[in-house]
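Single-structure report; data block below.
What follows draws every value from the coordinates through simple rules; no lab data is involved. Note that the coordinates shown come from a computational prediction; the quantities given were computed from them, not determined experimentally. Every residue, glycine among them, receives a Cβ derived from its backbone with ideal geometry; neighbour counts consider all protein chains shown.
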Amino acid sequence: MSLAEASEARKARLIALRKRKAGEAVDDNGVAEPLIKNRNFDPESRTLKKHTQEDVEMEDTVETQVKGLAEQIIAEDEKRRAQELDIFNIAPKRPNWDLKREMEKKLAKLERRTQEAIHTLIRQRLAAQKGDSDDIVGAMKAQERQNASETLSDEEED
């Protein structure tokens, strides 16, 4: 059998298959005859078929898809409830996490105030070293330094 003959035979089979799927029977002569589908008629007994609920089975329904789902969920829930409550699973890994969470806001406010106080103290010390301080202690120290420098200069002159 050559390739051309095999190709022609394959084409003929494909055409016959398409027609059969479309509902037509094909003779050996190539004449299309309508295909009789015996859905309600039994050709062997020549009587009508009687269908029951068991004969008709729909495979793709929501009920069949979720048939065991409810039982499965209930079984899993009972399984979880049956497990003993483990205190180590309930307790937080860090026992003081809630205290830290509540204190963060207050500590942030205090941190800001602490930084402001440190800056103020640094400014006062720098001002005291220069001698122009609004602070009483800084002013007193500046005064003492000035007195000390005057006494040193007086001693050097003598």
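At-a-glance table
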read-out: Potential lengthening between residue 123 and residue 64 on full extension [0.36 nm per residue; Cα-Cα distance subtracted]; value: 13.2 nm
read-out: Estimated FRET transfer efficiency when R0 is 35 angstrom, pair residue 104-residue 140 (beta carbons, to 0.05); value: 0.30
read-out: Estimated vicinal HN-Hα couplings, Hz - segment 114-126 in sequence order (Karplus 6.51, -1.76, 1.60; Gly, Pro = x); value: 4, 5, 4, 5, 4, 4, 4, 5, 5, 4, 5, 5, 5
read-out: Cross-link partners of residue 79 among lysines (Cα-Cα below 21 Å; sequence separation of 8 or more within a chain); value: 67
read-out: Packing rank of 100-110, 9-19, where each peptide gets the mean count of other beta carbons within 10 Å, highest leading; value: 9-19, 100-110
read-out: Length added when fully stretched, residue 2-residue 73, from 0.36 nm per residue minus Cα-Cα; value: 19.3 nm
